[in-house]
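Notes to accompany the following structure.
What follows draws every value from the coordinates through simple rules; no lab data is involved. Not measured: the values here are computed from a predicted model. Positions of Cβ are backbone-derived with ideal geometry, glycine not excepted, and every protein chain shown enters the neighbour counts.
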Amino acid sequence: MPPTDLLRVRDLVPDALAALGECRSVDAERWPHAWRSRYLARHPGVFGVLDRGGDWSDPEAVTAAVAGLRDRVADLAARAEAVRELLPTGVADAAGALGWSGEGGPVECVVLVGLRQANGWADDLGGRYALFLAVEGREPDDDALLVRHEAAHVVHDRRAGIRDWPSHGVANQLFAEGLATQVTAELDPGRPVEAYLWFGRPDHRAWLDECRRRWSEIVGRVRADLDATDPDHHAAYFLMRASPLRGDLPRRCGYLVGLAAVRRLRARHPLPELAGWSLRRVGAEMRGVLADLAPPA
């Protein structure tokens, strides 16, 4: 059994399901109130972090999300249970791969129902990186890959303080995403490369082929933007949302570049060493490795 002292789970799903249950019995104009009073208000610390952009409490966004979620209570409960069961092993696997034995206290994981925007991410919660997993996604994700990937981000932060990455530019985000993806690949080898980048979702071979076809263009753009710290440059390489700076580049192509770069570095350095590098060293190493980089096989 994996050690349980590496993990602390905060399960918000029961309150989310209670809010959705109330939404089934009231008119749509009351849905934002039910969402706020039965769910968000009961976890102010968490939603103070998540609602920095106002999405989680925006009435239109909430109404649109509830419309697609209020009849999925049983499905959401089942997926939440499945995710919780994966967490102890997933966090322990990431900790072992990156050489972390629990210094600084356990990884906090928040399991929640979101607004169908993202399935997992890491964010600062109370001065420490935490793992967030949203269970409402309908895509056939491989939750084991997702848990290990996001847990690797949190463990990486415990080793090297990667919460400061925005002030260090695109280079450090490339490294962080590449390292987390490489961790999942080494823990669960033998899958096609796109499985690690899209958490098992099918039909991304065309995306991979386009990235490879345009590899020189993508890497050239990335090298020019390595020091960029603004949200639009970040979105251009790592997010699904529109970015005026991406143009027609494949969405999330930075993940593939990051994986290729980390695999080059991994040939010379073990994963725990990479996870301990300072942000300053990461920037220098990434600048060097991107000078002549091939796409991952």
Rounded to the nearest 20 debye, dipole of the chain from Cβ charges on Lys, Arg, Asp, Glu:
540 debye
Scoring the stretch 163-292 by relative contact order with C-alpha pairs under 8 Å, at least six apart, yields a percentage of 38 percent
Taking volume of the Cα convex hull per residue in Å³ straight from the coordinates, which label in (i) 129; (ii) 241; (iii) 170 is the correct one?
(i)
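Quick check on packing: order 174-181, 5-12, 106-113 by the mean number of other C-beta atoms within 10 Å, highest mean leading.
174-181, 106-113, 5-12
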Could I have the simple spin-label model distance between Ala224 and Arg280, label points 7 Å from Cα toward Cβ, reported in nm to one decimal?
3.0 nm
So if I place +1 on the C-beta of Lys and Arg and -1 on the C-beta of Asp and Glu, and nothing else carries charge, what would the dipole magnitude of the stretch 163-292 be about its Cα centre? I want it in debye, nearest 20.
160 debye
What is the packing order of peptides 65-72, 47-54, taking the mean over residues of other C-beta atoms within 10 Å and listing the highest first?
65-72, 47-54
Per residue, the convex hull enclosing the Cα atoms of the stretch 56-109 spans a volume in Å³ of 118 Å³
So, in nm, how far is label Arg30 from label Glu85 when the simple model puts each one 7 Å beyond its Cα toward the Cβ?
3.6 nm
Which helices, taking whole DSSP H runs in the chain, have alpha carbons extending 30 angstrom or more along the helix axis plus mean Kyte-Doolittle at least -1.0?
73-98
How high is the relative contact order of the chain, in percent, with contacts defined as C-alpha pairs under 8 Å that are six or more residues apart?
17 percent
Which FRET efficiency value, to the nearest 0.05, do you get for Gln117 and Ala291 by plugging their Cβ-Cβ distance into 1/(1 + (r/R0)^6) with R0 = 30 Å?
0.25
Ranking request for peptides 246-254, 266-274: highest mean number of other beta-carbon atoms within 10 Å first, then the rest in descending order.
246-254, 266-274
